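This report refers to the structure that appears directly beneath it.
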Amino acid sequence: MKVTKFTHACVRLELDGRVLVIDPGTWSEPRALAGADAVLVTHEHTDHVDVLRLAGLGVPVYVPYDARLGDLAPLPVVRARPGERFTAAGIPVTALGGRHATIHGGQPDCANLGYLVADRLYHPGDSLTPPDRPVETLLVPAQASWLKLTEAIDFAATVTADRVHPIHDAQLNERGLASVDGWFTETLGPRYRYLAPGETA
């Protein structure tokens, strides 16, 4: 599986000639969607989904069952529930989790699904719900208003994964990114690798 990281939480997956894109939000590059066969959206926040960009794409868009994305009429939306297994872009996907992590005072409280793709790669969205099995590749949120770095490191250390790449990092400046990257590297060792936007693993 070819994994290309784009800005923030967006990743492009290519497997057996098929293209599956996860969380193409308003901060990610439009080219992430070039040739996409399907899109997975973890939750409704705009840093994870750009509804207007998806409207003209014409491919299935999988979203949490309870997601509130406004007028979805132009989108071929497929709603998924936690625990559901389905096929997107010809690739098996399992939806896990259910709710967005809490920032403060119970907010935000919206649906959030983590996606286990081909039983090999896991993208948790805005949560630290672990996959229910070992994976080859774990995508770990690196920075967020709902997240402490120690929680992200513990999450990555707990999940059995051959490779770990950070996502959800667009609000980090150069110094902050270097610090976060250093902590992950020190804790996780050679299985951790930072991917710059546009870089492929």
Residue count, segment 3-30 (criterion: of a type in the set (Lys, Arg) and more than 14 Å from Pro197 (Cα to Cα)): 1
Scanning segment 96-137 for residues that are basic (Lys, Arg) and without any contact (Cβ under 8 Å) to a residue 40 or more places away in the chain gives Arg99, Arg133
Hey, could you check segment 30-44 for residues that are within 12 Å of the chain's Cα centre (by Cα) and not hydrophobic (A, V, I, L, M, F, W, C) and say which is nearest to Leu20 (Cα to Cα)? Thr42
Answer with yes or no whether Asp169 is assigned to a loop (DSSP other than H, G, I, E, B), closer than 13 Å to Pro141 by Cα and out of contact with any Lys or Arg (no Cβ under 6 Å at 6 or more places or on another chain). yes
Show the residue pairs meeting these rules: Cβ distance below 7 Å; 6+ apart or different chains; first residue within segment 82-95 and closer than 16 Å to Leu15 by Cβ; second residue loosely packed, with under 14 Cβ neighbours inside 10 Å and modelled with pLDDT under 95. none
Matching residues in segment 11-27 - criterion: being surrounded by 22 or more Cβ atoms within 10 Å (Cβ to Cβ), in contact (Cβ under 8 Å) with a residue 60 or more places away in the chain and part of a loop (DSSP other than H, G, I, E, B): Asp23
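The values are calculated or read from the model by the stated rules, or taken from the named source; none is laboratory data. Just so we're clear, the structure is a prediction, and the values are computed from it rather than from any experiment. Cβ coordinates were reconstructed from backbone atoms using ideal geometry, including for glycine residues, and neighbour counts include every protein chain displayed.
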